[in-house]
Amino acid sequence: MMDLFDLMVSPPQIEPVDTYGPVIQGDVDEVLTLPNKKQPLGAPTARIELHKHTDGRWMWSTSAELECRGFGYRVGPKWGKFAASRDDALHWARKELCEKLSREDGHKVRTVLTWANSLT
């Protein structure tokens with residue numbers, strides 16, 4: 001579902017998933033995390049990865065660890081998710097994360113949504 005902020009950024013450039021395509025194996029350009037206070041050395045509660053592809057476009061990935069389940073994937077061209085700029089990629093990553101959690105409930109979900117909506 002589009003909102004007013006979607007009109008302020010370039011649309012995402014979604015390509016078909018390449019089943020055998022690469023993901024980033026080394027360091028990612030930028031990682032935004034919501035730490036897990038109960039496991040400070042463990043996996044974060046939520047994570048957004050942003051990485052500039054060799055063609056100049058930006059890619060993103062999202063992940064979250066909730067009360068009873070989690071989801072996520074590593075950033076890379078394999079997933080076909082590209083944006084024109086870093087800020088556009090962050091916008092689409094935030095939107096993806098919020099949409100994945102839109103049918104969930106619970107304290108952790110609300111915490112992740114608040115964190116995601118605070119990112120600029």
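The values are calculated or read from the model by the stated rules, or taken from the named source; none is laboratory data. Note that this is a predicted model, so its numbers are computed, not measured. With ideal geometry, Cβ positions are generated from the backbone for all residues, glycine too; neighbour counts draw on all protein chains shown. All accessible areas refer to the heavy atoms of the entire protein, side chains included, with ligands and DNA or RNA removed. Shrake-Rupley method; radii C 1.70, N 1.55, O 1.52, S 1.80 Å.
Among the residues of the range 11-31, those that are in a loop (DSSP other than H, G, I, E, B), surrounded by 14 or more Cβ atoms within 10 Å (Cβ to Cβ) and of a type in the set (A, V, I, L, M) comprise V23, I24, V28. G56 meets all of the listed conditions (1) at pLDDT 95 or above; (2) at negative phi; (3) not basic (K, R) but one, namely (2).
Please state which one of T45, T62 is under 27 Å from Q13 (Cβ atoms) and of a type in the set (S, T, N, Q). Break it down into steps so the answer makes sense when it comes.
Working: T45 fails: under 27 Å from Q13 (Cβ atoms).
Going through T45, T62 in turn, the sole match is T62.
Can you tell me which residue is most open to solvent (accessible area, probe 1.4 Å) among those in the range 32-87 that are among the aromatic types (F, W, Y) and not in a strand (DSSP E or B)? The qualifying residue most open to solvent (accessible area, probe 1.4 Å) is W79.
Of all residues in the range 68-86, which are among the charged types (D, E, K, R) and free of Cβ contacts under 8 Å to residues at least 60 places away in the same chain? Break it down into steps so the answer makes sense when it comes.
If we filter the range 68-86 for residues that are among the charged types (D, E, K, R), which is where we start, we get 69, 74, 78, 81, 86.
Selection gives R69, R74, R86.
Could you tell me whether T45 is free of Cβ contacts under 8 Å to residues at least 24 places away in the same chain and over 12 Å from the mean Cα position of the chain (by Cα)? No, not satisfied.
Scanning the range 88-100 for residues that are more than 18 Å from P35 (Cα to Cα), open to solvent by 50 Å² or more (accessible area, probe 1.4 Å) and of a type in the set (K, R) returns a single hit, K100.
It is to be established whether one or more residues within the range 101-111 are free of Cβ contacts under 8 Å to residues at least 24 places away in the same chain, polar (S, T, N, Q), part of a loop (DSSP other than H, G, I, E, B) and loosely packed, with under 15 Cβ neighbours inside 10 Å. Scanning the range 101-111, I find at least one residue that is free of Cβ contacts under 8 Å to residues at least 24 places away in the same chain, polar (S, T, N, Q), part of a loop (DSSP other than H, G, I, E, B) and loosely packed, with under 15 Cβ neighbours inside 10 Å, so the answer is yes.
So how many residues does the range 53-67 have that are hydrophobic (A, V, I, L, M, F, W, C) and in contact (Cβ under 8 Å) with a residue 40 or more places away in the chain? Reasoning before the result, please.
Going through the range 53-67, the residues hydrophobic (A, V, I, L, M, F, W, C) turn out to be 58-60, 64, 66.
Restricting the remaining residues to those that are in contact (Cβ under 8 Å) with a residue 40 or more places away in the chain gives 64, 66.
Within the range 53-67, residues that are hydrophobic (A, V, I, L, M, F, W, C) and in contact (Cβ under 8 Å) with a residue 40 or more places away in the chain number 2.
Note on the range 81-111: residues that are over 21 Å from H51 (Cα atoms) and not charged (D, E, K, R) amount to 6.
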